[in-house]
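Presented below is the structure to which this report refers.
The values are calculated or read from the model by the stated rules, or taken from the named source; none is laboratory data. Everything quoted here is computed from the prediction, not taken from an experiment. Heads up, the Cβs are rebuilt from the backbone with ideal geometry, glycines too, and the neighbour counts pull from every protein chain shown.
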4 protein chains.
Amino acid sequence: MTTREELAAFLATEFPQTKVTVEALGNGTARVRHAIGFEELRPGGTVSGPVLMGVADVGLYVAICGAVGLTIDVATTNLNTSFLRMPPGDRDIIGECRLLKLGRTLIVGEASLFSAGDERPVAHVVGTYARLAPTRPVRSGS
Amino acid sequence: MTTREELAAFLATEFPQTKVTVEALGNGTARVRHAIGFEELRPGGTVSGPVLMGVADVGLYVAICGAVGLTIDVATTNLNTSFLRMPPGDRDIIGECRLLKLGRTLIVGEASLFSAGDERPVAHVVGTYARLAPTRPVRSGS
Amino acid sequence: MTTREELAAFLATEFPQTKVTVEALGNGTARVRHAIGFEELRPGGTVSGPVLMGVADVGLYVAICGAVGLTIDVATTNLNTSFLRMPPGDRDIIGECRLLKLGRTLIVGEASLFSAGDERPVAHVVGTYARLAPTRPVRSGS
Amino acid sequence: MTTREELAAFLATEFPQTKVTVEALGNGTARVRHAIGFEELRPGGTVSGPVLMGVADVGLYVAICGAVGLTIDVATTNLNTSFLRMPPGDRDIIGECRLLKLGRTLIVGEASLFSAGDERPVAHVVGTYARLAPTRPVRSGS
């Protein structure tokens, strides 16, 4: 079973650009967080759409790692995002992610995104991922 | 508050073509059921995609009525369906539906579809609905 | 190269429930038609959503057969439908379908749906299909 | 009719964070470009998903301005992205955008994304936008 610490180290190595941190990790579930600053905003002072979609995408990827172990051999094939409410620019974004299907070739999951401290979702995302042929071994926690 | 009986009578009047029945109704939630026969199957003996999408669409519409009362003044604007598993042709389809957002102009909800007796979803649907200007009064329970 | 006649015979054998007919077939493109009668309508006299989604799904399947030959070894994994205008109940539905990607494991295509005689689309659909391991040979034109 | 120069000035004022430039502007159509550098990449050296989705979102917004004039009174409500091919990290991303429906309350459009110099799309996006009540006048070209 992959631990949260192993996953954090893995993300830091494999996705150095991401600001997403992992708050909880289960068997096919994950809760992630993204701090919000000026870079993440768009006109009107709300969090930009690409930031929200990126949080969901990384969070679902983390949920996949929670289910199958650390892997780089998945690729996002579809992401369907419904924008529900304007997220204020002074609160972190939280992503609650869970897998709906873990198949041999396709994985499907959903993510509900929230502004920290508000229980009404700001966006909902369904993501589909293709499992690729393994390319190279991943050293756990390296 | 709309009751399940009022909604059943309303569906029979307004949607005479539908085979969907309402099993539970809440404030923005609904559980619906669709009996499966030869007409609903496709090659391979599984339930056809249009039937699954129709169950989700009617179920989300029912959940909307549970939240705002009986209405014909909503129109589906987007339906995103992920097909997860082949539903066997000898089991009813159950739809668990809930609203994610109830706005002034748009309503968004999600539906998880199951084959009766199996807790793994066969499909997942996100639907978006536009609220139209009222066209005519709806007589409750008529 | 699969001909329109071979495909029509194939659909009649494999999809006896469908009312869709094939009007044109290319390498990854197809134009299909669905006659509209009382069964296809919903309240208000417009064509029902499941019928529209079914036309797009079959039309994209036909476009796949136009590209790879007659096959039953594909399964719809995602269908995203945008409903654009209310299609009148007295006109056939036409689907213009084309593939966006023909991969080894996934195929993606889009369909624009029209009411016959009107050039404004009534719906737009993006479909994703998984290529399955072959199950049995298909006899061309049988 | 909004010109490309007016739109460029408008984007610089209203969306200072965006790197998207406008190459062509029509009545409901737009071609946009996004330069790619290290910031836009993800592991494997390909352009990240959020960048692709952002290009489509801005490009569709530009196409809307081309049809209705400069406006900040639209909000993205849904974005459905199909990732088709891995875009190489050393080529700009081009977005070809066009509106499918320009309604009173909802606007729907599609964007095909390309790596510069390659005619096979790397992603396809369908976006839905809600027209909001006007908030303040936009000074053309300011």
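Here is a yes/no grid of residues against (1) of a type in the set (A, V, I, L, M, F, W, C); (2) within 14 Å of chain D (Cβ to nearest Cβ); (3) assigned to a strand (DSSP E or B); (4) over 23 Å from residue B:48 (Cβ atoms):
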site: C:63; (1), (2), (3), (4): yes, no, no, no
site: C:81; (1), (2), (3), (4): no, yes, yes, no
site: C:100; (1), (2), (3), (4): yes, yes, yes, yes
site: C:108; (1), (2), (3), (4): yes, yes, yes, no
site: C:117; (1), (2), (3), (4): no, no, no, yes
site: C:127; (1), (2), (3), (4): no, yes, yes, no
site: C:130; (1), (2), (3), (4): yes, yes, yes, no
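Taken together, the residues in the range C:9-36 that are aliphatic (A, V, I, L, M) and within 12 Å of residue C:58 (Cα to Cα) amount to 5. Would you check which residues across the range C:9-54 are under 17 Å from residue C:69 (Cα atoms) and free of Cβ contacts under 8 Å to residues at least 40 places away in the same chain and list them? Of everything in the range C:9-54, those that are under 17 Å from residue C:69 (Cα atoms) and free of Cβ contacts under 8 Å to residues at least 40 places away in the same chain turn out to be C:12, C:24. Entry remark, the range A:28-50: residues being part of a helix (DSSP H, G or I) and facing another protein chain (nearest Cβ under 7 Å) number 2 in total. Picking from residues in the range B:65-79 that are within 10 Å of another protein chain (Cβ to nearest Cβ) and of a type outside the set (Gly, Ala, Ser), the one that is nearest to residue C:16 (Cα to Cα) is B:79.
In this structure, is residue C:104 surrounded by fewer than 23 Cβ atoms within 10 Å (Cβ to Cβ), more than 8 Å from every other protein chain (Cβ to nearest Cβ), within 26 Å of residue A:77 (Cα to Cα) and modelled with pLDDT under 95? Considered against the rule, which asks whether it is surrounded by fewer than 23 Cβ atoms within 10 Å (Cβ to Cβ), more than 8 Å from every other protein chain (Cβ to nearest Cβ), within 26 Å of residue A:77 (Cα to Cα) and modelled with pLDDT under 95, residue C:104 comes out as yes. With respect to the conditions (1) closer than 27 Å to residue D:102 by Cα; (2) crowded, with 20+ Cβ neighbours inside 10 Å, residue B:74 falls short on a single one, namely (2). Evaluating residue B:59 against the criteria (1) assigned to a strand (DSSP E or B); (2) crowded, with 18+ Cβ neighbours inside 10 Å leaves one unmet condition, (1).
Across the range B:83-97, what is the total count of residues that are away from chain A (no Cβ under 14 Å), more than 14 Å from the chain's Cα centre (by Cα) and part of a strand (DSSP E or B)? Residues that pass the stated criteria total 1. Going by the structure shown, is residue A:115 farther than 25 Å from residue D:124 by Cα, touching a residue at least 24 places away in the same chain (Cβ under 8 Å), of a type in the set (Gly, Ala, Ser) and crowded, with 17+ Cβ neighbours inside 10 Å? Yes: the conditions hold for residue A:115.
A quick yes/no check of all residues on (1) buried (at least 22 other Cβ atoms within 10 Å of the Cβ); (2) within 19 Å of residue A:90 (Cβ to Cβ); (3) in contact with a Gly (Cβ under 6 Å, 6 or more places away or on another chain):
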site: A:17; (1), (2), (3): no, no, no
site: A:30; (1), (2), (3): yes, no, yes
site: A:35; (1), (2), (3): no, yes, no
site: A:53; (1), (2), (3): yes, no, no
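Among the residues of the range B:1-16, is any under 22 Å from residue B:116 (Cβ atoms) and part of a strand (DSSP E or B)? No.
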